[in-house]
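Novice: This is the structure I want to talk about, given as structure tokens.
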Amino acid sequence: MIFEVRVTSQADHDSRGDDLLAEIKRTLAISSIKKIRTAKVYRLEGIAKTDVQKFTQKVLYEPIDQKVSYGKSMFSGADVTLEVAYKSGVMNPEAGSLLKSASDLGIKLAAADSSWEYAFFGKVKKNDLEKITKRLLVNDTVETVVKKPPKT
């Protein structure tokens with residue numbers, strides 16, 4: 001079983017989202033998007049359900065300024081949400097650190113992966129989203145847009 005954990009800022013602003021929005025306005029001259037929020041998505045496989053929260057609290061997020069969600073998106077009011085991850089077969093440099101951290105905590109974790117979820121607020125035309133994705137979010141050589149969650 002794969003557990004999904006999403007982590008985002010508690011603050012109203014999101015520095016990664018703010019930077020992306022500024023780049024969209026500057027580079028692509030798209031002004032219909034009002035706000036972008038981001039969340040780091042972690043997928044954990046082969047971990048006991050009882051260990052997911054412990055691992056999350058010890059490794060994945062800082063409760064002082066971040067919030068966490070298990071198994072669902074954090075941005076229910078977004079006009080468009082998309083997730084960008086490394087392609088299958090491309091090494092995610094973060095995965096090794098996640099596995100090592102789990103081992104250090106005595107938690108059995110068979111596999112781990114991470115990606116970024118982007119939530120767009122405001123009118124987002126389909127062709128504008130394609131431009132944003134191709135020019136700013138996805139390096140086609142190593143990354144892809146996640147269409148459905150992986151089974152393993």
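The values are calculated or read from the model by the stated rules, or taken from the named source; none is laboratory data. Every value quoted in this text rests on a predicted model; they were computed, and no experiment measured them. Virtual Cβ from ideal backbone geometry, glycine too; neighbours counted across all protein chains shown. Accessible surface is based on the protein model in full, side chains and every heavy atom, while ligands, DNA and RNA are left aside. Shrake-Rupley method; radii C 1.70, N 1.55, O 1.52, S 1.80 Å.
Novice: Can you give me the number of residues within the stretch 32-52 that are under 30 Å from L20 (Cβ atoms) and in a helix (DSSP H, G or I)?
Specialist: 1
Novice: I need the full set of residues from the stretch 96-116 which are open to solvent by less than 20 Å² (accessible area, probe 1.4 Å) and either over 20 Å from V68 (Cα atoms) or free of Cβ contacts under 8 Å to residues at least 60 places away in the same chain (or both), in order please.
Specialist: Correct list: L98, A102.
Novice: Just checking, which of L98, L129 is touching a Phe, Trp or Tyr at 6+ places or on another chain (Cβ under 8 Å) and more than 20 Å from F75 (Cβ to Cβ)?
Specialist: L98
Novice: Is it the case that the stretch 65-76 has a residue that's within 16 Å of the chain's Cα centre (by Cα), more than 15 Å from V7 (Cα to Cα), modelled with pLDDT under 95 and surrounded by fewer than 11 Cβ atoms within 10 Å (Cβ to Cβ)?
Specialist: Among the residues of the stretch 65-76, not one is within 16 Å of the chain's Cα centre (by Cα), more than 15 Å from V7 (Cα to Cα), modelled with pLDDT under 95 and surrounded by fewer than 11 Cβ atoms within 10 Å (Cβ to Cβ), which makes the answer no.
Novice: Here's a follow-up. May I ask you to list the residues in the stretch 10-40 that are open to solvent by less than 60 Å² (accessible area, probe 1.4 Å), modelled with pLDDT of 95 or more, under 21 Å from S73 (Cβ atoms) and not hydrophobic (A, V, I, L, M, F, W, C)?
Specialist: Those that are open to solvent by less than 60 Å² (accessible area, probe 1.4 Å), modelled with pLDDT of 95 or more, under 21 Å from S73 (Cβ atoms) and not hydrophobic (A, V, I, L, M, F, W, C): G17, R37, T38, K40.
Table: residues versus (1) among the acidic types (D, E); (2) farther than 25 Å from H13 by Cα; (3) free of Cβ contacts under 8 Å to residues at least 24 places away in the same chain.
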position	(1), (2), (3)
K49	no, yes, no
P63	no, no, yes
E83	yes, no, no
Y118	no, no, no
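Novice: On to the next question. Give the residues of the stretch 41-64 that are within 25 Å of F120 (Cβ to Cβ) and surrounded by fewer than 18 Cβ atoms within 10 Å (Cβ to Cβ), sorted by residue number.
Specialist: Those that are within 25 Å of F120 (Cβ to Cβ) and surrounded by fewer than 18 Cβ atoms within 10 Å (Cβ to Cβ): none in the stretch 41-64.
Novice: Filter the stretch 106-130 down to the residues that are in a loop (DSSP other than H, G, I, E, B), closer than 15 Å to E45 by Cα and of a type in the set (A, V, I, L, M) and list them by number.
Specialist: I107, L109, A110
Novice: Among K35, K25, which is the only one that is in contact (Cβ under 8 Å) with a residue 12 or more places away in the chain and basic (K, R)?
Specialist: K35
Novice: P93 versus (1) of a type outside the set (S, T, N, Q); (2) more than 22 Å from K151 (Cβ to Cβ); (3) at pLDDT 95 or above; (4) open to solvent by 70 Å² or more (accessible area, probe 1.4 Å): which is the lone unmet condition?
Specialist: Of the numbered conditions (1) of a type outside the set (S, T, N, Q); (2) more than 22 Å from K151 (Cβ to Cβ); (3) at pLDDT 95 or above; (4) open to solvent by 70 Å² or more (accessible area, probe 1.4 Å), the odd one out for P93 is (3).
Novice: Are any residues in the stretch 78-94 closer than 15 Å to G17 by Cα and either β-branched (V, I, T) or over 13 Å from the mean Cα position of the chain (by Cα) (or both), and if so, which ones?
Specialist: Listed by number, the residues that qualify are A78, D79, V80, T81, V84.
Novice: For the stretch 1-29, enumerate the residues that are among the hydroxyl-bearing types (S, T, Y) and more than 13 Å from V68 (Cα to Cα).
Specialist: Scanning the stretch 1-29 gives S15, T27.
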